[in-house]
1. Taking only the range 160-175 into account, find how many residues are buried (at least 19 other Cβ atoms within 10 Å of the Cβ) and modelled with pLDDT of 90 or more.
2. Which residue is least open to solvent (accessible area, probe 1.4 Å), if the candidates are limited to the range 40-53 and must be under 27 Å from Q225 (Cβ atoms) and part of a helix (DSSP H, G or I)?
3. Return the total of residues in the range 64-98 being assigned to a helix (DSSP H, G or I) and open to solvent by 10 Å² or more (accessible area, probe 1.4 Å).
4. Of the numbered conditions (1) open to solvent by less than 10 Å² (accessible area, probe 1.4 Å); (2) at pLDDT below 90; (3) in contact with a His (Cβ under 6 Å, 6 or more places away or on another chain); (4) not β-branched (V, I, T), A398 fails exactly one; give the number of that condition.
5. Residues to consider are A288, A308, A293, A275; find the one that is more than 15 Å from A334 (Cβ to Cβ) and under 17 Å from the mean Cα position of the chain (by Cα).
6. Just checking, how many residues over the range 176-192 are within 19 Å of T58 (Cα to Cα) and surrounded by 18 or more Cβ atoms within 10 Å (Cβ to Cβ)?
7. From the list L557, L593, exactly one residue is in contact (Cβ under 8 Å) with a residue 24 or more places away in the chain, open to solvent by less than 60 Å² (accessible area, probe 1.4 Å) and either not aromatic (F, W, Y) or not in a loop (DSSP other than H, G, I, E, B) (or both). Which is it?
8. Of the residues that make up the range 534-546, is at least one of a type in the set (A, V, I, L, M, F, W, C), open to solvent by 60 Å² or more (accessible area, probe 1.4 Å) and outside any loop (DSSP other than H, G, I, E, B)?
Amino acid sequence: MQTKNARTQSGSKSDSRLMPPSPRSGRIKLREELLESLDESFDNRVTLLVAPAGYGKTTLLAQWCANKLDGPVLIAYLFATEKNRDPKVFLADIAASLVTAGVDLGDLMNGSNGDLGNEVDLDEILLGIELAGQPIVLIIDDFEQINEAAITELLGEFIDAAPTRFHFVLSSRTFPNIPLSAIELEGKLRLIDTYQLRLRKPDLAWMLDLDPTGPEVHEIAERTQGWPVTAELYRLWYRRRGMHDKDASFGGHVAEVHNFLTEQLFSSLPHEHLALLTEVSDFPIISAELTDAMRERQDSGVLLAAAAHNMSSLMWTGREYEQLVYKMHPLITAHLRERLAMNVALRRDLAGRAAHWFTLHARYGDAIRAAVLTQSDETLSKVVSSLRPVHILAAEGAGALRSILRELPDEVIVRHPRLRIIEAAAHFKAGYFAESQAMIARLREETDGFSEHSEKYSDQDKDQLKIHGSFIDLIVRCQVSRGGIEIIKLHSEVRTAAVDDPIIWAACENVMILVHQMAGDFEAAENSIQKAREIYETVEHSRYSTNQITGHEILILHAKGELKHTMSVITGYQKDVDFEWPYDPSTPALFKLISGSIQYETEYRDSAVEAIKNALIQHRRAESWFDQYAIAFPPIILRIFLKEGCDTALAFIRNERASLTPGGIEALPG
């Protein structure tokens, strides 16, 4: 047998499935780093290109093959189709692709016209490859069409038996079910996936002829997530409509995206997968448990896993709330949401069941969002009546309160006293003490002490409204008035009313920590810390407040002047892998602020002041207490005084006083 150098040789019929695709015309950028990555296939046994439709797999292979046509490597190409699920047909087409590439398979040629028969043996193909005597690359495109047991087992045998100068490139929308672990351990497997194939902002800018630093590129990158075909669809849409209508927006609803998704993606999905994904499309992150509750079925876990496999990297997995969760590409979510919106009754039913599930699992922001989707005042009122502002604050902090408010228009918030309590608490945690004090005082007056209101709550719910309203009133007054008989009296009222609510008991101890701190009674404050900790240890959903207690602990140690001990305790907490928690950025920021303060007190380093300023900015983004300013401002002002003089330091003080006083934080006179 001999190798033929020409791709078109006598004795084989022309078949486009056996020829590399021609490089596409138009504004298609050569992805040099990806072409180099494919060049490394010569050093590997198997190279995998795995990505959904539209990620440019075939375009990349066409560019690569065009670059290699005149080189010493023979490239055999096969576009797989359903008929290749038959192992005999698969082997015959592999042999035909090798012949088309220039490999002389001798006796496998059948008949005078040079056709290959269907009775092709793998050993005969291997012999022909061995006798060829030069490097060969076999590319199988659209491998997802034949990703079945009979073919993957046969291909696995082929890979194991092929000579070392024979290389496989498999391009597929889903991961091939071929046992490749041994090759991977040898370092002979290369994977090119959506992470490498996606377009970065410079690529998008070049492709769309835009300023790479402009906001439009950033917006397109966010919407497309670098999915190459959707960038092309954006260009088509922009020419058709976007450039003529400034109010038009690109998304899953536009005709170009709709047609592509329908033809290239959803047409290959089983109907039950498409139906399931449509039903959950109102929620960006979904779990099997939530989906079961929405659909009132028990098979969602299996269907979600299968759909994620079929969707490849257009559907991502992760963990949230200790559950496996799924998230779809934003364009797909938007498109499916448009589909769901056409069935109003189904959408409302699904959202109602989701609202109930979120409420049971204390995910109140999500519950409110789902309730709003039902367009039912009754459903929304049920969710609102379940809200316990102090419990939410104790579990997840001010961010959870803000997530509830973000889902609601002002006219809804004003109708629900419980939402107005949450609004006052959120303003308080953001440092707007005066405004939150006015809000809670106005609500107390309008509801006759948090008792008269328009909501149809049970007696127990009325008690809850009074407890939670009074507690938020308590913490606001404590910050603004700095303690006193009035605070102790209100504290006693709240504690007595919450006879069976340990979260409120612990929250009241938190207030007493602050009262004792402000009075300089550190021993009493430490006793309250211990009491609060003991209570929180007996209840679930108190992570945020538990974190906050550590902040008080460090503040007290620092105030007592135990600087070495303070740094030691801070270091201990920072080494705890669970300490950094996304729902409470304020406590880690407070630790950094105090660490910088101690460093400046002991070493007078300018870098310590910079650390303080950065920590103050970080803390301000999350919450605002008077403590943070009391700790941060003295070293900042001292450094300004020493470096820039008295006038600049006084100007800083005036500016900060003007900024903070409207919020209710009062500066000392002088």
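The values are calculated or read from the model by the stated rules, or taken from the named source; none is laboratory data. None of these values were measured; they are calculated from a predicted model. Glycine gets a Cβ as well: all are built from the backbone with ideal geometry, and neighbour counts include every protein chain shown. What goes into the accessible areas is simple: the full protein's heavy atoms, side chains included, and nothing from ligands, DNA or RNA. Shrake-Rupley method; radii C 1.70, N 1.55, O 1.52, S 1.80 Å.
1. 8
2. S41
3. Residues flagged as assigned to a helix (DSSP H, G or I) and open to solvent by 10 Å² or more (accessible area, probe 1.4 Å) within the range 64-98 amount to 12.
4. (3)
5. When all the criteria are applied, what remains is A308.
6. Going through the range 176-192 one residue at a time, the tally reaches 3.
7. L593
8. no
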